[in-house]
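Undergrad: Have a look at this one before I ask anything.
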Amino acid sequence: MADHAHHDHDEHAGTEVAPAETGVIWRTFIILSVITAFEFTLAYIMPAGTLRTSIFVGMTLIKAFYIVGEFMHLKHEVKSLIWAISIPVIFVVWLLVALMTEGESIFELR
């Protein structure tokens, strides 16, 4: 009977988050909050244009890579997997930049 009570206690042992893990979560929250606050500040201070859009895209990519590294644990993987994921993203960003710059030329031709 005493063994049964001991097993019931062990079933609930893994429900709490260790303090070290909550520290990482809070650090990530603060870093992402600061970057987002900076983005909001730029949205109200800077005039609309290509520079502001480029800064927003850059900050969004930084936040995305940070989230993927922390919460999806990509930063703990082997380097070849990180490169296999990062290189296509770089090409997609290049494609978006190329499409945006070439798309502006439509207005210049009119």
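Throughout, read-outs are computed from the coordinates displayed, never taken from laboratory work. Here the structure is a predicted model, which means the values were calculated and not measured. No Cβ is skipped: glycine too gets one built from the backbone with ideal geometry, and neighbour counts run over all protein chains shown.
Undergrad: Could you tell me which GluC sites (Glu not before Pro) in the stretch 15-110 are loop residues by DSSP with no more than 10 other beta carbons within 10 angstrom of their beta carbon?
TA: Numbers: sites: Glu16, Glu21, Glu39, Glu70, Glu77, Glu102, Glu104, Glu108; in loops: Glu16, Glu77.
Of the GluC sites (Glu not before Pro), the ones in loops of the stretch 15-110 whose Cβ has at most 10 other Cβ atoms within 10 Å are Glu16.
Undergrad: May I pose another question? Can you tell me how much longer the chain between Lys75 and Thr60 gets when fully stretched, taken as 0.36 nm per residue apart minus their C-alpha distance, in nm with one decimal? Before the final figure, lay out each step's value.
TA: On the way: separation 15, 0.36 × 15 = 5.40 nm, distance 1.79 nm.
Answer, rounded to one decimal: 3.6 nm.
Undergrad: Another one. Computed FRET efficiency, Cβ-Cβ of Met46 and Leu95, R0 22 Å: what is it to the nearest 0.05?
TA: Numbers: r = 25 Å, r/R0 = 1.14.
FRET efficiency, Met46 to Leu95: 0.30.
Undergrad: Taking the Cβ of Phe40 as the centre, find all other residues whose Cβ is under 14 Å away and add up their charges (Lys, Arg: +1; Asp, Glu: -1). List each step's numbers first, then the result.
TA: Details: positive: Arg52, Lys63; negative: Glu39.
Residues near Phe40 contribute +1 overall.
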